1. Need the failing condition index for PRO318 against (1) over 30 Å from GLN114 (Cα atoms); (2) surrounded by 18 or more Cβ atoms within 10 Å (Cβ to Cβ), just the number.
2. Which one of VAL161, VAL129 is assigned by TED's automatic domain parsing to the domain that holds ARG90 and under 30 Å from ALA320 (Cβ atoms)?
3. Please work out which residue is nearest to LYS420 (Cα to Cα), limiting yourself to the stretch 382-395 and to residues that are of a type outside the set (S, T, N, Q) and surrounded by fewer than 20 Cβ atoms within 10 Å (Cβ to Cβ).
4. Kindly indicate which of GLY401, GLY389 is at positive phi and either touching a Cys at 6+ places or on another chain (Cβ under 9 Å) or in the same structural domain as VAL347 (by TED's automatic domain parsing) (or both).
5. What do you reckon, is TYR372 aromatic (Phe, Trp, Tyr), within 24 Å of VAL195 (Cβ to Cβ), outside the structural domain of LYS193 (by TED's automatic domain parsing) and under 26 Å from the mean Cα position of the chain (by Cα)?
6. Taking LEU65 as meeting all but one of (1) modelled with pLDDT of 95 or more; (2) exposed (fewer than 13 other Cβ atoms within 10 Å of the Cβ); (3) not in a loop (DSSP other than H, G, I, E, B), write down the number of the exception.
7. Kindly provide the set of residues from the stretch 248-279 that are exposed (fewer than 15 other Cβ atoms within 10 Å of the Cβ) and of a type outside the set (S, T, N, Q), ordered by number.
8. Take the residues in the stretch 321-371 that are small (Gly, Ala, Ser) and in contact (Cβ under 8 Å) with a residue 40 or more places away in the chain; name whichever of them is farthest from LEU407 (Cα to Cα).
Amino acid sequence: MTFMASSMTTAVTPEAIARYEPVIGLEVHVQLATRTKIFCGCPTSFGAPPNTNVCPVCLGLPGALPVLSRHAVELAIEASLALNCRVNPRSIFARKNYFYPDLPKGYQISQYDQPLAEHGFVDIEVGGVHKRIGITRVHMEDDAGKSIHEGFKDSERYTYVDLNRSGTPLIEIVSDPDIRSADEAHAYLTAIKQVLQYVEVSSCDMEKGHLRCDANVSVRLKGAEKFGTKAEVKNLNSFRFLKMAVDQEIERQVGILESGGRVLQETRLFNPETGETVSMRSKEHAHDYRYFPEPDLVPLRISETWLSDIQSKMPELPAARRARFIKDYKIQPAVAQALTQDSATSVYFEGTATSSGDPQAAANWIIGDLTYSLKEAGKDIKESPISSGTLGSLVGMVSQGKISGKLAKEIFPKMFTTGKEPDVIMAEEGLTQISDEGALGKIIDEVIATNPKQLEQYRSGKTTVMNFFLGQVMKASRGQADPAAVTRLLKEKL
């Protein structure tokens, strides 16, 4: 009867969902950016032929002994510090025992009751509301292999095992149960990814499995103190699937409770094709894994000297960089937010702002024209054919009145296509700015002669018509007229 209650589906009204409060915690698995595995020297390169990046250690062969990677530990410490965690001076590796075809040892080397780091937090913003999500722990572990399931053939299902991933270094980031909606879960995972990419702990490439997420979801009536029974949704490998899975799981559990059923503690999988979670197995408890200290590894000790050395080399984090941009470059918070979404964009902005001397204009060009062109070309900012210094030259020419904004808009696409400097393109295309007063005077006389109505408005006191005349002169000159000279000559002639 309990199984039937956990499986039944019923229409759930928004009013019913509104009576419940979701309680969500995320377990985020991140592959560290090491060149070799955590306990052996096998490469971690993605895309190698199946079962070629392996050795006796990561295959779990008898007599093979693990040797801990110092680089993996340092990256894990950096991640912990970036997530505001306390790094423990002593942590213990443990064996987590379970059996699955892609786990050749029959156990995973992880950390249990004495993890690397604890008690951190991440700040998020959803709907204009700021919130702090606690982090329970960050611990290190090795990854399992990969099982590849194929469809049915002759009524049989085939599963292939690739052990290249077995032994790659992971950290698992376990949040406190502080998340209360799918939107908050999405914002939390986004913040985790951004911070880890800034400190270059991981590429966090979800398509390559470098960032994966499990969501623990329960619901309780609003005002209740006791948590409901949680279900764990495993292996969510995209931000969109995370949000969809959490929303669906909340609706499923509310439907069960509203129908008088009881939610089971179980592990579930999200099916993107149906948009539903499906039962995988009953949820294990810690004792089911029979944790015990890994006998082949000594305790990991982090000295104050080692910790201080790592901390001193940490790069600027996103929140600090946003605050500095607002203070030093006098840009709006929303603009600073856009420019610090990833480290590469923020570095590009600083280069452009410095070389142009006009940070606000530099920000507008990056957020606008450059971002649009990169998206159209299917590139990210690291692949931009226009360097930050080159864009800075263009922005500076506009700011200094050497060229008009209209002419800059004409030059920019040619820069994006060729990567050439703006002055080179101007010379090649004959786009040199017109500053000769005689040439400008002829253009201005023609514009005034063909617009008698606007001339009369200006002379009647409507001085804003000046902008109309300026625009017409720039249009007639293909944007090549010197705006400052045009403005001065127009005032004289009008």
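The values are calculated or read from the model by the stated rules, or taken from the named source; none is laboratory data. Quick caveat: nothing in here was measured; it's all calculated off a predicted structure. Here the Cβ positions follow ideal geometry from the backbone for every residue, glycine too, while neighbour counts run over all protein chains shown.
1. All conditions are met except number (1).
2. Details: VAL161 fails: under 30 Å from ALA320 (Cβ atoms).
Sole residue among the options that is assigned by TED's automatic domain parsing to the domain that holds ARG90 and under 30 Å from ALA320 (Cβ atoms): VAL129.
3. Quick first cut of the stretch 382-395, residues of a type outside the set (S, T, N, Q) only: 382-383, 385-386, 389, 391-392, 394-395.
Narrowing the set further to residues that are surrounded by fewer than 20 Cβ atoms within 10 Å (Cβ to Cβ) leaves 382-383, 385, 389.
Values: LYS382: 17, GLU383: 15, PRO385: 9, GLY389: 11 Å.
Among them, the one singled out is PRO385.
4. Values: GLY389 fails: at positive phi.
Result: GLY401 is the single residue among GLY401, GLY389 that is at positive phi and either touching a Cys at 6+ places or on another chain (Cβ under 9 Å) or in the same structural domain as VAL347 (by TED's automatic domain parsing) (or both).
5. On the way: aromatic (Phe, Trp, Tyr): yes; within 24 Å of VAL195 (Cβ to Cβ): no; outside the structural domain of LYS193 (by TED's automatic domain parsing): yes; under 26 Å from the mean Cα position of the chain (by Cα): yes.
Against the criterion (aromatic (Phe, Trp, Tyr), within 24 Å of VAL195 (Cβ to Cβ), outside the structural domain of LYS193 (by TED's automatic domain parsing) and under 26 Å from the mean Cα position of the chain (by Cα)), TYR372 does not qualify.
6. For LEU65, the exception is condition (3).
7. Selection gives GLY260, ARG262, PRO272, GLU273, GLY275, VAL278.
8. Here is the first cut: in the stretch 321-371, the ones small (Gly, Ala, Ser) are 323, 334, 336, 338, 343-344, 346, 351, 353, 355-357, 361-363, 368.
Then keep just the ones that are in contact (Cβ under 8 Å) with a residue 40 or more places away in the chain; that gives 343, 351, 355-357.
Working: SER343: 31, GLY351: 22, SER355: 19, SER356: 17, GLY357: 19 Å.
In this case the residue turns out to be SER343.
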